[in-house]
Amino acid sequence: MSKNNKIQVKKSIIATISNEKFLSVYNLENSLQVYRDLSIVDQCLESKSPTLAAIKRDKSENFCIGFIQAWLVNLNEILNLNKPMTVTQINLCSVTVLNDYYFFKVADLTLMFKRIIAGEYGEFYERLSISKVLTFFREYSEERMNRAEEINSAIHQEQKIGDPMNISKNIKRIWKGTPSK
């Protein structure tokens, strides 16, 4: 075996071990344990867990799709429905999730799946479909975006108030006749 082939084999072994470790750390069951105290979107936004985009970049698109598929398969099993998603539906749904919700962190997935399992997104009527799952993702995404906007707006307001060049603050001070500091 040539030196280049040995190096490629070693890299392949290291990548396999790395992928297995990643999956053992971030699988649905373990994430539900690690993130069991997650209850609000703010915690997910602050989380240091990787995004789907980062997983795709660091591992590969196929790995990331497989990762999402594993979560959906586990969801199917946990819900124990009469008509779970088929393999084809899981495959299509996984690609759509990666394309549309690449900014979700593993913490976001965990919180959303916890809510799905708890029935917070409504009744399943013994079946799960692509449209239902994507509706859950869409609703969670809207909540996440709204909360991120609220947080950013609050941070902006705090910075604006503390800014010595804040015109409205200076006008109010001058209007009241208070000396500047």
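Just one of the numbered conditions (1) among the aliphatic types (A, V, I, L, M); (2) farther than 30 Å from Thr96 by Cβ; (3) modelled with pLDDT of 95 or more is not true of Ile174; which one?
For Ile174, the exception is condition (3).
Is at least one residue of the stretch 54-62 surrounded by fewer than 18 Cβ atoms within 10 Å (Cβ to Cβ) and in contact (Cβ under 8 Å) with a residue 40 or more places away in the chain?
no
Considering only the stretch 6-94, give the helices (runs of 4 or more DSSP H) lying wholly within it that have at least 3 residues that are at pLDDT 95 or above and within 22 Å of Met145 (Cα to Cα).
52-58
Kindly indicate whether Glu123 is acidic (Asp, Glu), assigned to a helix (DSSP H, G or I) and either more than 15 Å from the chain's Cα centre (by Cα) or at pLDDT 90 or above (or both).
So Glu123 does not fit the description; no.
Say we look at the stretch 95-120 and pick out the residues that are assigned to a loop (DSSP other than H, G, I, E, B) and in contact with a helix residue (DSSP H, G or I) (Cβ under 6 Å, 6 or more places away or on another chain); which of these is nearest to Glu29 (Cα to Cα)?
The residue in question is Phe104.
Return the total of residues in the stretch 23-53 being touching a residue at least 24 places away in the same chain (Cβ under 8 Å), farther than 16 Å from Leu72 by Cα, out of contact with any strand residue (DSSP E or B) (no Cβ under 6 Å at 6 or more places or on another chain) and polar (S, T, N, Q).
Matching residues across the stretch 23-53 total 2.
Assess whether Ala148 counts as being modelled with pLDDT under 95 and under 14 Å from the mean Cα position of the chain (by Cα).
Values: modelled with pLDDT under 95: yes; under 14 Å from the mean Cα position of the chain (by Cα): yes.
Taking the combined requirement at face value, the residue satisfies it.
Name, by its number, the condition in (1) basic (Lys, Arg); (2) within 29 Å of Glu126 (Cβ to Cβ); (3) modelled with pLDDT of 95 or more that does not hold for Lys105.
With (1) basic (Lys, Arg); (2) within 29 Å of Glu126 (Cβ to Cβ); (3) modelled with pLDDT of 95 or more applied to Lys105, the lone miss is (2).
The values are calculated or read from the model by the stated rules, or taken from the named source; none is laboratory data. Model, not experiment: these values are computed from the prediction. Note that each Cβ is placed from the backbone with ideal geometry, even for glycine, and that neighbours are counted across all protein chains shown.
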